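None of the figures in this text is laboratory data; all of them are computed from the coordinates on show. Source: prediction; values computed, not measured. With ideal geometry, Cβ positions are generated from the backbone for all residues, glycine too; neighbour counts draw on all protein chains shown.
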Amino acid sequence: MTIRTRVAPSPTGDPHVGTAYIALFNRIFAKSQGGQFILRIEDTDQVRGTAASEQQILDSLRWLGLDWDEGPDVGGDYGPYRQSERGDVYAEHAQILLDKGHAFHCFCSSERLDALRAEQMANKQTPGYDGHCQHLSEQEVKGKLAAGESHVLRMKVPEQGTCVIDDMLRGTIEIDWSQIDMQILVKADGMPTYHLANVVDDHLMGITHVIRGEEWINSAPKHKLLYQYFGWDMPVLCHMPLLRNPDKSKLSKRKNPTSITYYRDAGYLPEALVNYLGRMGWSMPDEREKFSLDDMLEAFDITRVSLGGPVFDQEKLSWLNASWIRENLTVDDFAQRLNHWLLNKEHMMQYLPLAKERVETLGDFVPMVSFLYAGMLNLSADDFAHKKLSEAEVKQVLQFTLWRLEQQREWNKNNLFDAIKKLANAMGYKLSDFNHPIFVAIAGTPNSWSVMESMKILGPDMTRARLRYAISVLGGVSKKEGKRLEKAFKTLG
Ligand code: GLU
């Protein structure tokens, strides 16, 4: 049997280091046994998914050297590899489940479901669908469908008993069926949910081993049931431990940059980042900390994955990166890497016209542009002091700007300017006052060219990371404060 594994990212945001981590282990597992590694794009969420995000995922995984044998851009025998192009396949399989009596139409309104949920919560029950539409007669269903009533398709789930899941790393896991919801398989807009599309695709694409994050364990019973309903063998499951912040909470961008592009632009080497991800829960048999993708491939043994939550610590990553630079690059290589990174004419042309208008001597140039190369700036709370804005206001401006820019899709100077100007107006600030903390967060000083130009050049991930860092320099936002701010932010519209 040829081993076939896959990584199946949803293109809904920054290319996450967690995606690279899962891709790495899938790729190594398959390649260490002569197998194949597939990349599938799970873009059934058409509201949140974007083509730009998909491209960034492909680019950043490739930058890390984690290329794939089959995928949306390279093709393969089991395509298409983008779920949005497989609508017919899911419709056909949804029909099979209906015909076999394993799924049913559900016409419940969101009001009914909200009320049901509130009642279950009040009674301290596990919230979930109560099976209301499962008992509609064939006649009733036909009538509602003919009348064009909005509906979803749900899977039937046993009411009693226990589901036993086998996991390569965790052994057997038992989950009571009473904890498992009658999952929606096809949404009201006709799109499949993750569960249906994922199971159908894993089967049709011949996936033998599903290696994914532990946050998916609770989905495994639904998947097992779907495999049974279709009469298919289930791939072997392996749930990897989640990456964590140094304080052991789940890795989050609020505490750690999580975007691969951030690490690329901050000047980390791909071999160092892959090496570091390889150490997340895994170790070489000789415990050596520094190893290449090839070293890992040669020594790989999945049973060496340990389940204690691996901590993604930027300081350790920087230490490892330094060691790759010092020990593995000649000075010539170093020059080449810098050039390949951002010290090249193409990149510089973005800001040379701005710098040319501002320098008096050529010697002014490097200090003036250094912030564009600096990763995270070295700032203190005093740098944000402003004659009109209190520290609390500064923090609020930064937080609101961050939230606003997290929604920003089109990343060009005009769109950024519009977004920020609107926000300043809505909050009742003069743009020059409002911009002060943003300048400091992005450029380290208010004396720079338009901060929108800088944001454009730095790109969304670095811009947002700097705003987050600025907020943390000002003491961060507590949960309570965050809730209050979020409310205020929402009222701005
Ligand atoms: N699309 C899912 C994700 O974004 C894939 C989960 C899985 O591997 O089954 O992580």
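Nearest 0.05, what FRET efficiency do S249 and Q407 give at R0 = 22 Å with Cβ-Cβ as r?
On the way: r = 24 Å, r/R0 = 1.09.
That gives a FRET efficiency of 0.35.
Which entries in K395/K421; K156/K222; K224/K250; K248/K290 show an alpha-carbon gap greater than 19 Å? All intermediate terms of the calculation are to be shown ahead of the outcome.
Values: K395/K421 17 Å; K156/K222 10 Å; K224/K250 26 Å; K248/K290 23 Å.
Over 19 Å apart, Cα to Cα: K224/K250; K248/K290.
When Lys and Arg each count +1 and Asp and Glu each count -1, what net charge do the other residues less than 13 Å away from D265, Cβ to Cβ, add up to?
With Lys, Arg at +1 and Asp, Glu at -1, the net is 0.
Going toward the positive end of the dipole of region 298-438, with +1 on Lys and Arg Cβ and -1 on Asp and Glu Cβ, which of V331, N425, W319 do you reach last?
After comparing all options, I get N425.
If I model a spin label as a point 7 Å beyond the Cα along the Cα-Cβ vector, how far apart are those points for W319 and E138 in nm?
Spacing of the two 7 Å Cα→Cβ label points: 6.9 nm.
If you put +1 on each Lys and Arg Cβ and -1 on each Asp and Glu Cβ, how big is the dipole of region 324-466 around its Cα centre, in Debye rounded to 20? Mind showing how you got there, number by number?
Numbers: 17 positive and 17 negative charges, 98 e Å.
Approximately 460 debye in magnitude.
In what sequence do E346, E298 fall when counting other Cβ within 10 Å, fewest first?
Numbers: E346 7, E298 11.
Lowest to highest Cβ neighbour count: E346, E298.
With an 8 Å Cα cut-off and a minimum separation of 6 or more residues, compute the relative contact order for region 24-167 in percent. All intermediate terms of the calculation are to be shown ahead of the outcome.
Values: 99 pairs, mean separation 29.5, N = 144.
It comes to 20 percent, rounded to a whole number.
Could you sort 19-26, 271-278 so that the peptide with the highest average Cβ count within 10 Å comes first and the rest follow in order? Present the calculation step by step, with values, prior to reporting the outcome.
Numbers: 19-26: 24.8, 271-278: 23.0.
Packing order, densest peptide first, comes out as 19-26, 271-278.
Estimate the FRET efficiency between D433 and R326 by the formula 1/(1 + (r/R0)^6), using the beta-carbon distance for r and 56 Å for R0, to the nearest 0.05. Provide the component values of the computation, followed by the final result.
Details: r = 45 Å, r/R0 = 0.81.
Rounded to the nearest 0.05, the efficiency is 0.80.
Relative to the Cα centre, what is the charge dipole magnitude of region 336-389, using +1 at the beta carbon of each Lys and Arg, -1 at the beta carbon of each Asp and Glu, and rounding to the nearest 20 debye?
Values: 6 positive and 6 negative charges, 23 e Å.
So the magnitude is around 120 debye.
Which Cys residues of the chain have no other Cys beta carbon under 4.7 Å away?
Flagged as lacking a Cys partner: C108, C163, C238.
For a quick check: sort V394, V366, V7 by the number of other beta carbons within 10 angstrom, fewest at the front. Could you put the intermediate results ahead of the total?
Details: V394 22, V366 11, V7 26.
Sorted ascending by nearby Cβ count, the order is V366, V394, V7.
Test of understanding: ordering W282, W63 by Cβ neighbours within 10 Å, fewest first, what list do you get? Walk me through the numbers before you get to the answer.
Details: W282 21, W63 17.
By the 10 Å Cβ count, ascending, the order reads W63, W282.
How about region 49-131: which trypsin sites (Lys or Arg not before Pro) there lie in a loop by DSSP and see at most 10 other Cβ atoms within 10 Å?
Working: sites: R62, R82, R86, K100, R112, R117, K124; in loops: R86, K100, K124.
Answer by residue number: K124.
How big is the charge dipole of region 97-199 about its Cα centre, in debye rounded to the nearest 20, if each Lys and Arg gets +1 on its Cβ and each Asp and Glu gets -1 on its Cβ? The partial results should precede the final answer.
Values: 10 positive and 15 negative charges, 32 e Å.
Roughly 160 debye, rounded to the nearest 20.
May I ask you to order 359-365, 236-242 by the average number of other C-beta atoms within 10 Å around their residues, highest value first? Spell out each step's value before the answer.
Numbers: 359-365: 9.7, 236-242: 20.1.
My ranking of the peptides, most packed first, is 236-242, 359-365.
Do you know the relative contact order of the chain, to the nearest whole percent, from alpha carbon pairs under 8 angstrom that are 6+ apart?
Details: 634 pairs, mean separation 63.2, N = 493.
The value is 13 percent.
Of the listed peptides 450-461, 409-420, what is their order by residue-averaged count of other C-beta atoms within 10 Å, with the highest listed first?
Values: 450-461: 20.8, 409-420: 14.7.
Ranked from most to least packed, the peptides come out as 450-461, 409-420.
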